[in-house]
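Here the structure comes first, spelled out in structure tokens, and everything after it is commentary.
The values are calculated or read from the model by the stated rules, or taken from the named source; none is laboratory data. What you are looking at is a predicted structure, and each value in this text was computed from that prediction instead of being measured. Every residue, glycine as well, gets a Cβ built from its backbone with ideal geometry; the counts of neighbours run over all protein chains shown. Ligands, DNA and RNA are excluded from the accessible area calculation, which covers all protein heavy atoms including side chains. Shrake-Rupley method; radii C 1.70, N 1.55, O 1.52, S 1.80 Å.
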Amino acid sequence: MKIQNTFGIDAQCRRYLEYATAEEACTIADELRRASQPFLIIGTGSNLLPTGDYDGTVVHSAVRGISLTEQPDGRALLRCGSGETWDDVVAWTVDRGFADLANLSLIPGEVGASAVQNIGAYGAEACQFIHAIHAIDIQTGQRLIIPQQDCRYGYRDSLFKHEWKNRFLITHVSYQLHRQYKPNMEYGNLRTELERKSIESPTPQQLRQVIIDIRRSKLPDPAEQGNAGSFFMNPVVSRAKFEELSAVYPQMPHYYINEDSEKIPAAWLIDQCGWKGRTLGCAGVHHKQPLVLVNLGGATGQDIVALCKAIQDDVQQRFGITLKPEVNIV
């Protein structure tokens, strides 16, 4: 069966399994534990780059359902099936007056991936709202509720990508929301765009719509041109490295992390190396957003990897910074 991925790469897997309930996830966990072949857990493939056919089992969650339990103090617990489309969940909460997730609007993928990848955009990350992850431990078959604080979340990172990789089948994710909110408008050009629209205190719906408009103006639709969104993570560098670079590039954009480190936009680094809009065979760098690598038609996973490595080499040579892919290359 074809491995679903938004790059549009033609790659097959030996076996495909899907679970729609926790009971079915337990059954699949038992099968995976007894089988000797490798397995890969995926969502919609919006953060996946297959480099060839996969000689193993691909597992996908089809667990659906969204529920909200409000508390007297204005807080609410949102519980979602891991197979729900992420942006549908954001829209569902915004329609009910909650703005917590609005900055994460239009991020492709499913709910389960939000907990694994710690998705983020416009100054917000999923881990700020995740309360707990409901999962089946493949090694033991146990049903577990994993608190947010145990997941060791970082920038586009979690234990699910390292020590816990391929250990859990996630069935549900719960998020802590708040009825009262202060809009997060400080990242990138978000405030500028709100001011341009004469919106001083945006409603949840207005905040979501502005973010959607910005994303659509900069990012290609995977349905029209294969891509996985931002291909590289924004590098976080030491204070010494930042000061070294800023002395040479005083106009270099950056974001304060703490007194020891700064984040530098990978898009700027790639653009400075002249890659914006360039192509390498059937793979290319998007003409509006250098962070996005695209399938120009007929590209293989290896074509995308070759472009990735060429960009990494140029950025390393010019800036002494190693760009790390955000996309899972398999």
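Quick notes on this one:
- Gly45, sole failed condition from (1) over 22 Å from Ile28 (Cα atoms); (2) out of contact with any His (no Cβ under 7 Å at 6 or more places or on another chain); (3) in a loop (DSSP other than H, G, I, E, B): (1)
- Tally of residues being surrounded by 18 or more Cβ atoms within 10 Å (Cβ to Cβ) and polar (S, T, N, Q) across region 32-54: 3
- Cβ-Cβ contacts under 7 Å between residues 6 or more apart (or on different chains), taken from a first residue in region 303-330 that is among the small types (Gly, Ala, Ser) to a second residue that is open to solvent by 20 Å² or more (accessible area, probe 1.4 Å), are listed as Ala306/Leu280; Ala310/Leu280.
- Hits in region 93-108 - residues which are within 30 Å of Trp164 (Cα to Cα) and open to solvent by 10 Å² or more (accessible area, probe 1.4 Å): Asp100, Leu106, Ile107, Pro108
- Test: Ala135 is among the hydrophobic types (A, V, I, L, M, F, W, C) and part of a strand (DSSP E or B): yes
- Among residues of region 66-99, those that are closer than 29 Å to Lys2 by Cβ and touching a residue at least 40 places away in the same chain (Cβ under 8 Å), counted: 7
- Among (1) in a strand (DSSP E or B); (2) surrounded by fewer than 17 Cβ atoms within 10 Å (Cβ to Cβ), the one test that His172 misses: (2)
- Hits in region 62-72 (condition: in a strand (DSSP E or B) and out of contact with any Phe, Trp or Tyr (no Cβ under 6 Å at 6 or more places or on another chain)): Ser67, Leu68, Thr69, Glu70
- Pairing each residue of region 188-214 that is touching a residue at least 12 places away in the same chain (Cβ under 8 Å) and closer than 19 Å to Arg96 by Cβ with any residue that is surrounded by 14 or more Cβ atoms within 10 Å (Cβ to Cβ) and aromatic (Phe, Trp, Tyr), provided the two are 6+ apart or on different chains, yields C-beta distances under 9 Å for Pro204/Phe98; Pro204/Tyr181; Ile211/Tyr122.
- Of Arg33, Arg15, all but one fail to be basic (Lys, Arg) and either assigned to a loop (DSSP other than H, G, I, E, B) or touching a Phe, Trp or Tyr at 6+ places or on another chain (Cβ under 9 Å) (or both); the exception is Arg15.
- Any hit, region 286-293, residues being buried (at least 19 other Cβ atoms within 10 Å of the Cβ), more than 24 Å from Arg156 (Cα to Cα) and not basic (Lys, Arg): no
- Residue within region 153-164 that is surrounded by 14 or more Cβ atoms within 10 Å (Cβ to Cβ), in a strand (DSSP E or B) and of a type in the set (S, T, N, Q) present: no
- Once region 175-205 is narrowed to residues that are open to solvent by less than 60 Å² (accessible area, probe 1.4 Å) and part of a strand (DSSP E or B), the residue that is nearest to Ile133 (Cα to Cα) is Tyr175.
- Region 82-131, subset outside any loop (DSSP other than H, G, I, E, B) and charged (D, E, K, R), residue nearest to Val59 (Cα to Cα): Glu110
- From the list Ala76, Ala22, Ala29, the one residue that fits, being surrounded by 21 or more Cβ atoms within 10 Å (Cβ to Cβ) and over 22 Å from the mean Cα position of the chain (by Cα), is Ala29.
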